[in-house]
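Read-outs: derived from the displayed coordinates by stated rules, not from any lab. Keep in mind that this is a model prediction, so the values were computed, not measured. For neighbour counting, all protein chains shown are included, and Cβ atoms are generated from backbone atoms with ideal geometry for every residue, glycine included.
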Amino acid sequence: MTSFVLGNLPFPGQGGDQVVSKAVSTAIAALFKRTGKLDATVRAEPVAKLLQGSVDGFDFIGHSMLMYNGLRIKALELFVQAVSIDFGAIFKGQIRLKQPTQASMRVVLTEEDLTTSFNTPFVIDKLQRMEFEGKPLHFGSTEMNLNDDKSLTLESQVCVGDETLAQSVNLTAKVEVYDRTKIAFVDVDYYGTDEDIALGKAIVEHVNALMDLDSFALDGTQLRVDKVRMRNKELIFYGVAHINQFPQKK
């Protein structure tokens with residue numbers, strides 16, 4: 001009976017696990033403006049468990065992902081624990097969880113990803129909400145570089161108030177995680193004039209206050225980072241995603 005039901009799924013030549021794998025890939029891709037290669041593999045043994053919505057887990061690996069807010073990600077890997085899903089919703093193109101689950105997570109960002117992200121309206125708007133000496137800031141081109149000594153270099157052109165001549169903010173810093181929820185620039189070295197250094201310190205303080213992971217998580221999810229590594233010009237975050245409900249495209 002089970003083989004008959006799974007063999008008559010409305011996807012010729014595909015088993016139940018393949019159907020769910022394809023649905024997961026499609027649902028995750030819909031959360032992003034653009035994606036590269038996506039692979040989702042559902043684990044269910046025996047496959048008949050899928051009829052009750054029981055999944056041993058699934059692995060998802062995505063590359064070259066662009067979020068709708070403009071943030072870029074080179075690679076996103078999720079390894080989801082056993083989960084119970086609404087199997088019937090699959091045929092409507094939806095992923096519905098019957099109960100919360102969690103996934104181990106790996107996120108990879110390149111220099112280009114970081115530079116592009118810092119120049120998006122989404123980030124610039126957050127940066128320009130701060131004031132320096134009672135004056136608004138206007139950010140121009142920002143460039144991020146990842147260095148061989150595991151530090152990060154940030155260079156930006158910033159106009160203060162009505163000034164038309166931009167000040168140069170130039171600094172190097174290490175990246176650390178606090179309380180699993182906040183990313184921060186630490187051990188910062190500043191360069192330039194006294195005015196440039198004072199502006200750089202104010203910006204770092206503001207940026208550190210902004211980098212709360214909960215403000216970047218998709219609806220229905222909660223991100224916790226356990227460690228961050230820098231190697232081969234890439235910034236890599238390792239952690240856990242708590243998933244209360246599968247995110248939906250807004």
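A few notes on this one:
- Mean separation of Cα contacts under 8 Å (6+ apart) over length of the chain, as relative contact order %: 15
- For Glu163, the shell of other residues with beta-carbons less than 14 Å away shows a net charge of -4, using +1 for Lys and Arg and -1 for Asp and Glu.
- Our coupling estimate for the stretch 214-219, obtained by passing each phi through the Karplus curve with A = 6.51, B = -1.76, C = 1.60 and θ = phi - 60°, is 4, 7, 10, 6, 6, 4 Hz, Gly and Pro reported as x.
- In straight-distance terms, cross-link reach from Lys135 covers every one of the lysines whose alpha-carbon lies under 22 Å from its own, apart from those fewer than eight places away in the same chain; here that gives Lys126, Lys201.
- For Gly53, the residues whose modelled amide H falls within less than 5 Å of its own, excluding neighbours fewer than 5 places apart on the same chain, are Phe87.
- Ellipticity estimate at 222 nm from DSSP helix runs (n ≥ 4, -39,500 (n - 2.57)) divided over the chain, nearest 500: -6000 deg cm²/dmol
- A value for volume of the Cα convex hull per residue in Å³ was derived from the coordinates, and within the list [x] 128; [y] 111; [z] 161 it appears as [x].
- Counting only residues at least eight positions apart within a chain, or on another chain, the lysines with an alpha carbon under 22 Å from that of Lys92 are Lys22, Lys33, Lys49, Lys249, Lys250.
- Seen from Asp212, the other residues with C-beta closer than 15 Å to its C-beta sum to a net charge of +1, counting Lys and Arg as +1 and Asp and Glu as -1.
- Amide H contacts of Ala44: Asp56, each under 5 Å away and 5 or more positions distant or on a separate chain (H built 1.01 Å from N in the peptide plane; Pro and chain starts excluded).
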